[in-house]
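Peer 1: Here it is, the structure, as structure tokens.
The values are calculated or read from the model by the stated rules, or taken from the named source; none is laboratory data. Because the structure is predicted, anything quoted here is derived from the model rather than measured. Glycine also receives a Cβ, built like all others from the backbone with ideal geometry; neighbour counts cover every protein chain displayed. With ligands, DNA and RNA removed, areas are computed over all heavy atoms of the protein, side chains included. Shrake-Rupley method; radii C 1.70, N 1.55, O 1.52, S 1.80 Å.
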Amino acid sequence: MLKTILFYSVLFYLIPFCLSLALSIAKKGREALRWTPGMVKGSATNIALSVLNILIAPAIYLLNEGARDVYAAFGIPYIHPEYWHGLPMIVIILVALFAQDFADYWNHRFLHAPGIWAIHAVHHSDPDMNHTTALRVHILESFIVTTSYTLLLSWLGLPGEAAAGLVLFKALYNMFVHIDVDLHFGPLTKWLASPRYHQWHHADDPKAQNKNFGIIFSFWDVLFRTYYVPGPCNRPLGFEGSPNHNLSWLFFWPFIQWAKTFGQLLPVKNSKQHPSEA
């Protein structure tokens, strides 16, 4: 069982990684292999953070089981897996893609909310974005997203093979939109997310803040007025004061930011005695 889990885990890493790298090479030629020192360091940090998350994952799994118990306690109706039998797998996966991407859109907007942003800022801290940046996700973000899937998508009752196909496709597409090339879909730009679209989401530009929340489909942003793709993204990526590629800072970043915020809320004692108190 453990060998099977490890095999599929490596598969879900390697297939999106290799295909995204191949796309970069197809678009940029040999230049795609000439990574800057920042990209090399950033990619190593991204992979290291993802491995660290895997080591902590069992605890997150146990916490997520609590979310499943909550879901069951409310007696929320769901589609029985047998309902999907007989339907073409492509239909099942498309339904799942739309449902999950809709949840992803609102998850993403939630992660940009004040207070919660400290968690998602870890993902945005990479100034040398490439396909490995998709792996730069704080473990707390993984917990939030996984729990929301349990609460929002469990009613689908997807067959196991469809769920696995969905996970693999999303991992592939998530790496694709992070590749370091200016790639878009022309007339379909407002329908499908692309690297250009997602580069603007990561841009250190006030006009691009809180824009382009879709992962696979960009039409959610058009529908909810958060779409912003004025052209090729020529702005720096990341944000001012970010931890960049410091692995320790990335892991503790949310807690440090929350501590700073809490400290600012505490009343400050005036060291000088007020004249009325003399």
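Peer 1: What about Trp249, is it open to solvent by 50 Å² or more (accessible area, probe 1.4 Å), in a helix (DSSP H, G or I) and either aromatic (Phe, Trp, Tyr) or at positive phi (or both)? Don't jump to the end; show me each part of the working.
Peer 2: On the way: open to solvent by 50 Å² or more (accessible area, probe 1.4 Å): yes; in a helix (DSSP H, G or I): yes; either aromatic (Phe, Trp, Tyr) or at positive phi (or both): yes.
So Trp249 passes the test.
Peer 1: Mind telling me which of the residues His123, His138, His108 ends up being modelled with pLDDT of 85 or more, farther than 20 Å from Lys211 by Cβ and buried (at least 19 other Cβ atoms within 10 Å of the Cβ)?
Peer 2: On the way: His123 fails: farther than 20 Å from Lys211 by Cβ; His108 fails: farther than 20 Å from Lys211 by Cβ.
Unique residue meeting the criteria: His138.
Peer 1: Something else now. Taking into account only those residues within segment 181-208 that are open to solvent by 40 Å² or more (accessible area, probe 1.4 Å) and touching a residue at least 24 places away in the same chain (Cβ under 8 Å), which is farthest from Val95 (Cα to Cα)? I'd like the intermediate steps shown before the answer.
Peer 2: Step one: of segment 181-208, the residues open to solvent by 40 Å² or more (accessible area, probe 1.4 Å) are 182-185, 187-188, 190-192, 204, 206-207.
The next check asks that each one be touching a residue at least 24 places away in the same chain (Cβ under 8 Å); those that pass are 182-184, 190-192, 204.
Working: Asp182: 29, Leu183: 26, His184: 24, Lys190: 20, Trp191: 16, Leu192: 16, Asp204: 34 Å.
Only one residue fits best here, namely Asp204.
Peer 1: Out of the residues in segment 10-29 that are modelled with pLDDT under 70, within 21 Å of Leu166 (Cα to Cα) and out of contact with any Ser or Thr (no Cβ under 9 Å at 6 or more places or on another chain), state the one that is least open to solvent (accessible area, probe 1.4 Å).
Peer 2: For segment 10-29, the residue satisfying everything is Pro16.
Peer 1: Now for a separate question. One residue is enough: does segment 145-152 have a residue meeting the conditions at pLDDT 90 or above, surrounded by fewer than 19 Cβ atoms within 10 Å (Cβ to Cβ) and part of a helix (DSSP H, G or I)?
Peer 2: Step one: of segment 145-152, the residues at pLDDT 90 or above are none.
No, every residue in segment 145-152 fails to be at pLDDT 90 or above, surrounded by fewer than 19 Cβ atoms within 10 Å (Cβ to Cβ) and part of a helix (DSSP H, G or I).
Peer 1: Within segment 210-236, which residues are farther than 20 Å from Leu21 by Cα and touching a residue at least 60 places away in the same chain (Cβ under 8 Å)?
Peer 2: Matches in segment 210-236: Asn210, Phe213, Gly214, Phe217, Trp220, Asp221, Phe224, Thr226, Pro236.
Peer 1: Now for a different question. So, in segment 185-204, exactly how many residues are touching a strand residue (DSSP E or B) at 6+ places or on another chain (Cβ under 9 Å) and under 19 Å from Leu223 (Cβ atoms)?
Peer 2: Selection size over segment 185-204: 4.
Peer 1: I'm trying to understand the selection: among the residues of segment 100-127, which are in a helix (DSSP H, G or I) and of a type in the set (S, T, N, Q)? Break it down into steps so the answer makes sense when it comes.
Peer 2: First pass over segment 100-127, keeping only residues in a helix (DSSP H, G or I): 100-111, 117-124.
The answer is Gln100, Asn107.
Peer 1: Another one. Of all residues in segment 78-99, which are in a helix (DSSP H, G or I), open to solvent by 20 Å² or more (accessible area, probe 1.4 Å) and touching a residue at least 60 places away in the same chain (Cβ under 8 Å)?
Peer 2: We begin by selecting, within segment 78-99, every residue in a helix (DSSP H, G or I); these are 81-84, 89-99.
Then keep just the ones that are open to solvent by 20 Å² or more (accessible area, probe 1.4 Å); that gives 81-83, 89-91, 93-95, 98-99.
Matches in segment 78-99: Pro81, Tyr83, Met89, Ile93, Val95, Phe98.
Peer 1: Does Pro230 satisfy the condition of being out of contact with any Gly (no Cβ under 9 Å at 6 or more places or on another chain) and either at pLDDT below 90 or under 25 Å from Glu141 (Cα atoms) (or both)?
Peer 2: Values: out of contact with any Gly (no Cβ under 9 Å at 6 or more places or on another chain): yes; either at pLDDT below 90 or under 25 Å from Glu141 (Cα atoms) (or both): no.
Criteria not met by Pro230.
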